[in-house]
Amino acid sequence: MKELSYWNAISEAIAEEMKRDETVFVIGENVQESPFLVTKGLVQQFGPDRVMDAPLSELAIAGATVGAAMAGYRPICDLTFADFIYCAADEVLMKAAQQYFSHNAKVNVPCVFLGVAGAGFGNGPEHSRIPAAMVMNNPGLKLVMPSTPYDAKGLMKAAIRDNNPVCFFFHKKCMPMKQEIPDEEYIIPLGVADVKRVGSDVTVVATSYMVHLALEAAKNLEDIISVEVIDLRSLVPLDIDAIITSVKKTGRVVVVDEDTECCGVAAEIGQQIMERAFDYLDAPVARVCAANMPIAGAAMEKYVIPQLAQVQNAIEAAAGSGFSA
Amino acid sequence: MLVKLFIPKLGMTMEKATIAEWRYKDGDTVEKDSTVLVIDTEKVANDIEAPVSGKLVINAAVGDELPCGAIIGYIAETREEYEIAKGGAGAYVSGLQASVAPATEDQKSDQHVAAVEPVLALATVERIKISPLARSVAKQNDIDYAGISGSGPGGRIVKHDIEVAMTRQAAQKPAVMTACPGSRGCGSTSDAAGKPVASIAVASAGDSTSQHEGKRIREVRALKGMRKAISEHMHHSHSISAPISVMFEVDMTEMVKFRNRLLEKWQTEGVRLTYTDIFIMIVAKALKKAPLMNSSLINNEIIIWDDINIGIGASVMLPDGESGLVVPVIRNADKLSLGEISAARKDLTDKARNGTLSMDEMTGGTFTITNTASLSPFWHIQTPIIHQPQAAILGTASIVDRPVVKDGEIVVRPIMPMYLTFDHRIVDGGPTAVFNSLVHGMMSDPDLIFI
């Protein structure tokens with residue numbers, strides 16, 4: 001066992017996979033220096049042919065990624081900020097996501113689109129997004145959003161080995177988090193949620209940094225309400241069974257999502273809960289999401305992004321008046 | 001022509017009826033205007049008459065509870081139409097497209113004719129807020145959640161509320177009839193899990209030796225019809241309101257003289273002025289000055305009514321010999337003269353006695369008066385139950401000679417006890433005292449009625 005930080009867990013997963021499989025390589029802007037650390041040190045180990053710095057064009061980088069993947073490689077495309085997926089949209093959404101279907105299942109596009117996501121540092125509207133709903137809304141892409149170092153490592157290995165394009169969004173706020181990581185190899189399959197806290201009164205469904213808000217809220221309320229926190233870990237595939245199992249137990253659910261509320265992740269999950277567990281609901285499905293606003297910068301950011309108090313209030317409201325200190 | 005028979009909408013709030021009796025058999029020939037069947041609504045039985053002569057097709061059985069507008073049969077004027085109507089759903093639906101004619105205008109004008117087109121429900125049915133989980137738990141456990149108050153957001157009934165109701169119901173349920181040795185009428189009515197599987201009624205009602213909890217049963221009656229309606233209403237009223245009763249007495253010396261003077265001067269054929277008539281007038285006037293007493297709490301809103309519609313509690317004898325209770329309503333009582341009130345009261349109480357009140361004559365009340373003088377002609381008081389969704393009910397009792405203190409002397413005066421039950425959710429003691437003072441004032445000094 002060794003203690004690794006979140007970013008280090010990701011870079012270790014990439015290194016292990018590069019060692020294991022020669023077709024795995026990294027391409028992106030300044031991946032050799034790696035300002036967000038997740039590819040730091042790889043160039044020293046694997047050389048510039050497999051850790052390629054690319055010009056400042058996300059579209060070109062993503063295009064090279066898709067081409068290489070179709071040619072039999074397993075590229076990891078570092079978009080730096082997840083927001084920049086919009087620059088690379090045609091290659092990611094139209095090409096990577098759809099080639100398999102266009103070519104009658106004869107062509108796989110095994111690649112990872114890596115992006116640092118989320119708010120928390122007041123970086124403003126173009127560097128704070130977590131474009132989860134947009135990815136979910138484009139069939140053919142998988143989406144992984146880990147909340148802990150352990151999950152991040154196991155999920156990255158699964159993402160690299162997956163034969164489909166996988167968007168892997170890691171959260172800025174999780175970067176310094178540390179956790180014991182086993183020495184032996186492990187892989188966390190995509191589409192398997194993890195119950196991060198067991199409870200009986202209200203289910204909170206979250207991903208990425210929102211899991212930590214949910215856990216904090218659950219802790220603050222633990223004398224009054226028993227909160228179960230489900231970390232989905234990946235949104236595509238979505239472990240709806242885990243959600244439904246929990247909802248059938250608690251009857252109340254709050255979906256927390258850092259992406260914009262309108263047509264968002266929580267809306268989709270809420271609808272699926274309604275379709276599959278309507279008769280088990282004791283309260284309306286509640287959601288806490290980013291406001292329907294561009295993400296404000298600096299001190300204004302907290303008025304857009306979900307905050308602890310909102311999560312806590314939503315849990316209390318779902319629980320109803322039967323619960324009070 | 002093939003004419004539909006369906007459950008008519010006989011009152012604004014009527015939603016359903018039960019088929020009480022078919023006077024003819026399927027295939028019988030019925031004459032126009034003869035009573036084909038009798039339906040039971042919540043409060044009254046209604047005869048349904050044949051709009052035309054013809055052969056009867058019956059599509060609903062006695063005991064069926066059906067919504068207004070539901071088709072319960074047909075009257076076929078020709079053999080061919082009869083065959084179409086008898087030919088099962090598929091056959092007659094297609095056949096009817098061509099041959100069913102709407103009722104004529106004069107049929108529509110008569111409420112008791114079967115082919116009245118159903119009037120759309122104008123009264124909104126109060127939707128019960130209940131979570132899907134609570135609803136399914138209630139269904140599984142056969143819990144009627146209509147009267148349960150919800151503890152969820154916005155008063156929604158949640159699972160916890162159903163569980164509380166289940167615990168309460170379990171506590172109220174009669175003990176399972178297993179341990180009553182030495183009685184042949186006593187059988188086990190519980191299944192292996194100890195869950196009661198049948199009501200007391202199965203303990204053979206006709207068997208005089210049947211027992212329940214060691215008490216011998218004389219008779220078991222099903223809770224149905226008007227008894228059921230009264231039972232449900234009374235329980236509903238107590239379960240949703242916060243009733244509080246105030247009792248007081250009125251010196252009726254002047255009122256007795258007042259009524260006697262009026263009786264001497266005013267005689268209309270068939271109508272004799274009663275104290276109740278005068279009380280209705282007094283209450284209508286008092287309600288105008290204390291409008292909160294003429295209100296309803298509906299959906300978290302206190303609605304103060306502009307109309308003053310006074311219901312009169314009337315005890316009735318039902319055809320089966322049992323007593324019942326109906327509350328006919330005198331609409332806009334504040335705008336009627338004493339003579340008009342008296343005539344309306346007489347008309348309604350006669351109809352109540354004959355069982356011919358229409359639904360509309362029993363709905364729409366905003367306040368109720370119950371006069372128990374004729375039931376108990378001695379000094380008494382009681383705590384009436386509010387007629388929902390009203391704010392209060394006023395009771396008046398018998399006028400009896402009682403000793404009272406007047407100017408330091410004990411004297412004998414005609415005294416009438418009165419009692420008011422009001423809903424403390426809506427109104428507090430202050431406005432109630434104002435109302436009671438107004439009523440007390442006019443009762444003890446009838447001259448005040450005209451001020």
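The values are calculated or read from the model by the stated rules, or taken from the named source; none is laboratory data. Quantities reported herein were computed from a predicted structural model and do not represent experimental measurements. In this analysis, Cβ positions are derived from the backbone assuming ideal geometry, glycine residues included, and neighbour counts consider all displayed protein chains. Surface accessibility is based on the protein's heavy atoms, side chains included, excluding ligands, DNA and RNA. Shrake-Rupley method; radii C 1.70, N 1.55, O 1.52, S 1.80 Å.
Classify the range B:206-325 from the C-alpha gyration tensor, please: rounded if a/c falls under 1.5, else prolate or oblate depending on whether a/b exceeds b/c. Verdict is oblate for the range B:206-325. Ranking B:Ile143, B:His160, B:Leu325 by Cα position along the charge dipole of the protein assembly as shown, where only Lys, Arg, Asp and Glu carry charges on their C-beta atoms, puts B:Leu325 farthest toward the positive end. By a 1.4 Å probe calculation restricted to protein chains, B:Met247 has an accessible surface near 80 Å², given to the nearest 10. Straightening the chain between B:Ser239 and B:Asp307 buys 21.8 nm, computed as 0.36 nm per residue apart minus the Cα-Cα spacing.
Helix A:240-250 and the longest principal axis of the Cα set of chain A meet at an angle near 20°. Here each label is just a point 7 Å from Cα along the line to Cβ, and for B:Lys257 and A:Asn30 those points are 10.7 nm apart. Of all the options A:Pro131, A:Pro176, A:Pro146, the one that moves most in a Gaussian network model of chain A with Cα springs shorter than 10 angstrom is A:Pro176. Given R0 = 22 Å, the distance between the Cβ atoms of A:Lys219 and A:Asn313 translates into a calculated FRET efficiency of 0.90. Protein-only accessible surface at a 1.4 angstrom probe places the residues B:Phe367, A:Phe278 in the order A:Phe278, B:Phe367, largest first.
The angle between the Cα long axis of helix A:58-70 and the main principal axis of chain A comes to about 80°, on a 0 to 90 degree scale. Of the listed residues B:Asp277, B:Asp407, the order by accessible area with a 1.4 Å probe, largest first, is B:Asp407, B:Asp277. Rolling a 1.4 Å probe across all protein chains gives B:Glu15 an accessible area of roughly 100 Å².
Given R₀ = 35 Å, what would the calculated FRET efficiency be for B:Lys86 paired with B:Ala222, taking r from the Cβ atoms and rounding to 0.05? Once the sixth-power term is evaluated, E becomes 0.60.
The length gained on full extension between B:Ile71 and B:Ile128, counted as 0.36 nm times the residue separation minus their Cα-Cα distance, comes to 17.7 nm. Taking every protein chain into account, the 1.4 Å probe leaves A:Phe46 with about 40 Å² of accessible area, to the nearest ten. Could you pull out the pairs from B:Lys4/B:Lys224; B:Lys9/B:Lys335; A:Lys2/A:Lys173; A:Lys153/A:Lys248; A:Lys2/A:Lys178 whose alpha carbons sit more than 19 Å apart here? Listed pairs above 19 Å: B:Lys4/B:Lys224; B:Lys9/B:Lys335; A:Lys2/A:Lys173; A:Lys153/A:Lys248. Computed from the C-beta positions of A:Asn137 and B:Val164 and an R0 of 51 Å, the FRET efficiency is 0.70 to the nearest 0.05.
Using a simple spin-label model with pseudo-atoms 7 Å out from Cα toward Cβ, B:Lys288 and A:Asp90 lie 8.3 nm apart. Calculated mean residue ellipticity, 222 nm, the protein assembly as shown: -9000 deg cm²/dmol, from DSSP H runs (n ≥ 4) at -39500 (n - 2.57) each, averaged per residue and rounded to 500. When a/c reaches 1.5 or more, the comparison of a/b and b/c decides; with that in mind, is the range A:84-186 rounded, prolate or oblate per its Cα gyration tensor? The shape class here is oblate.
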